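What follows is calculated from the coordinates using simple rules that are stated; it is not laboratory data. Not measured: the values here are computed from a predicted model. Please note: Cβ atoms are built from the backbone with ideal geometry, for glycine as well, and neighbour counts cover all protein chains shown.
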Amino acid sequence: MDILLGLQWGDEGKGKIVDVLTPDYDIIARFQGGPNAGHSLEFNKIKHVLHSIPSGIFHKDKINIIGNGVVIDPIIFKSEIDTIKKLNLDIDLGNLLISKRAHLILPTHRILDAASEASKGHTKIGSTLKGIGPTYMDKTGRNGLRVGDILRPDFLDKYNFLTNKHLEMLKSFKFDFDLAEFEKGWFEGIESIKTFKLVDSEIVINDYLNENKTIIAEGAQGTMLDIDFGSYPYVTSSNTVCAGACAGLGVAPNKVNEVFGIFKAYCTRVGSGPFPTELTDETGEKLRDLGHEFGATTGRARRCGWLDLPELKYAIMLNGVTQLIMTKADVLSGFDTIKVCTAYKIGNQTYKTIPYDLDVEDLQPEYAELKGWKTDICNMTKISELPKELIDFINFIEKEIDIPIKVVSVGPDRNQTIVKG
Ligand code: GDP
Ligand code: IMO
Ligand code: MG
């Protein structure tokens, strides 16, 4: 099994690259997160945004699996399915399998997420408000409802029990909500889920591996949003790192081959929390404008900053990355100078990796300055066509982190992808 995951704060371009790599695989499987993810991919001039469904779905003959580590909101799932059906594309939704062990996001999980965030004021996480935190809390607290429970005769009792528990919890928040508004759509979503193959995905996947079928595991979010290693508490509630793929699909670590680490040629973050190289000036605005840096799930403006090598090195270490994929190099075209953070200074101390506490006021990034390029690279298809300054930028990163950059993405479309070899 190969794994593709984000090395920054999410939105690195995972959806696009999984779609590009899908022809090389038999199975594409999401292993964690839920509809907090927004994975965009583009072909034939149409952009698609997926939240719960793996990014291999537009390839007819491929098996797409929503693994046990994922959390599913039936409302959002159904609307994604309806959107795809309306496109009338030649794809086979019968090849989408859902793990019975995946947990369900209840309407009250979403309400609890919103109530919790509202109560935190300026210390809020900046959650996508999809109910992710409360659902994983119920999973680890051993209270959750799973996809497999839908098939049980006592499903409604289980739903009512958990919902009532949440309603009690909501009394401690001063928060207005309308449960009925969500419930109808939620149960319609449950009916939609029932029409798919609900499977023991860990067995299906291991059987496929034994038949020498190829699998790519698709990460959601990014390493700096990992529950253990991200900038806690400003993180999501799952393990976004490589180990999360083993737990989130039921695949043993010795079955993992390549780990594709994907990063943007600069950094973005949406939501609260520390961001060492953030640019709050017009350069940051320029990156946001040129890169269309607005959330695929929430539409929020993404915070932008320069590439951060201490952060990238930390992510590469945690994930055992074997190959790097760099996206959005085209967004840097036109800058006179491109900066790359090589270390942080906190007081008199220099850090080449992520310190325990990133949220300190006197953190100063140290930058290397590289010459920019003016050429538009969006239509380039070969490494040899790229401007010298971009090659220098790539060489600089490879030298600093000692892992090859195998793919350079120069635009959102499938075809705007250069394999460096
Ligand atoms: P994901 O969550 O990692 O799948 O990434 P998102 O889809 O949330 O955000 C990435 C955005 O950048 C999307 O709008 C993509 O269409 C777009 N994108 C992906 N790769 C490139 C690229 O190389 N250049 C440009 N300009 N846009 C890209
Ligand atoms: P993809 O898969 C970027 C961020 C939220 C917030 C924090 C916690 O598209 O890269 P949550 O809703 O999980 O409780 O929010 O994590 N976040 C993401 N940021 N891309 C994502 O997914 C994200 N999913 C969650 O903005 O800061
Ligand atoms: Mg995204």
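Of note:
- Based on the Kirkwood approach, the hydrodynamic radius assigned to region 227-298 is 15.0 Å, with every pair of different Cα atoms included.
- The GluC sites (Glu not before Pro) of region 329-421 that meet both conditions, a loop assignment by DSSP and at most 10 other Cβ atoms within 10 Å of the site Cβ, are Glu361.
- According to the calculation over all Cα-Cα pairs in region 1-137, the P(r) per 5 Å bin from zero is 2, 10, 19, 22, 20, 14, 8, 4, 2, 0 %.
- Counting Cα-Cα pairs of region 85-238 in 10 Å increments starting at 0 gives whole-percent bin shares of 9, 31, 34, 21, 5, 0.
- Taking every C-alpha pair closer than 8 Å and separated by at least 6 residues, the mean separation divided by the residue count of the chain gives a relative contact order of 20 percent.
- Kirkwood-based Rg to Rh ratio, region 331-421, C-alpha trace: 1.06
- Our estimate of slack between Arg152 and Leu93, defined as 0.36 nm per intervening residue step minus the Cα-Cα distance, is 18.8 nm.
- Residue-count net charge about Lys264 - beta-carbon cut-off 9 Å; Lys, Arg +1, Asp, Glu -1: -1
- Separation between Cα centres of region 378-421 and region 129-153, rounded to whole Å: 42 Å
- Taking Lys and Arg as +1 and Asp and Glu as -1, the other residues whose beta-carbon sits under 13 Å from that of Tyr232 total -4.
- Coil-residue trypsin sites (Lys or Arg not before Pro) of region 141-212, DSSP, other Cβ within 10 Å capped at 14: Arg142, Lys171, Lys174
- For region 318-377, the list of trypsin sites (Lys or Arg not before Pro) that fall in a loop by DSSP and count at most 16 other C-beta atoms within 10 angstrom reads Lys352, Lys374.
- In the chain, helical runs assigned H by DSSP with n ≥ 4 each contribute -39500 (n - 2.57); averaged across all residues and rounded to the nearest 500, the mean residue ellipticity at 222 nm is -9500 deg cm²/dmol.
- Relative contact order, percent, region 76-184 [alpha-carbon distance under 8 Å, six or more residues apart]: 32 percent
- When the alpha carbon gyration tensor of region 201-330 is reduced to an equivalent ellipsoid, its three semi-axes come out at 31, 15, 14 angstrom, largest first.
- Note on Lys171: lysines with a C-alpha under 17 Å away, same-chain residues under 8 apart excluded, are Lys120.
- C-alpha center-to-center spacing [region 158-184, region 37-104] in angstrom: 28 Å
- Longest to shortest principal axis, alpha-carbon extents of the chain, angstrom: 65, 49, 39
- Other-chain or far-sequence residues with amide H under 5 Å of Gly33's (modelled H): Val71
- Of all lysines in the structure, those lying under 24 Å Cα to Cα from Lys213, and not within fewer than 8 positions of it along the same chain, are Lys14, Lys16, Lys60, Lys62, Lys100, Lys197, Lys255, Lys406.
- Most mobile of Arg101, Arg30, Arg152 in a GNM of the chain (Cα contacts under 10 Å): Arg152
- Listed peptides 16-26, 66-76 appear in the order 66-76, 16-26 once ranked by packing, highest mean of other Cβ atoms within 10 Å at the front.
- Estimated inter-spin distance, Lys184 and Tyr232, nm [label 7 Å along Cα→Cβ]: 4.3 nm
- Sorted on the mean count of surrounding Cβ atoms within 10 Å across their residues, most packed first, peptides 402-410, 216-224 read 216-224, 402-410.
- Within the listed set Gly141, Gly189, Gly261, the residue fluctuating most in the Gaussian network model of the chain (springs between alpha-carbon atoms under 10 angstrom) is Gly141.
- Region 141-295, relative contact order [Cα under 8 Å, separation at least 6], %: 13 percent
- Pairs exceeding a 22 Å alpha-carbon distance, out of Lys124/Lys328; Lys264/Lys371; Lys78/Lys130: Lys124/Lys328.
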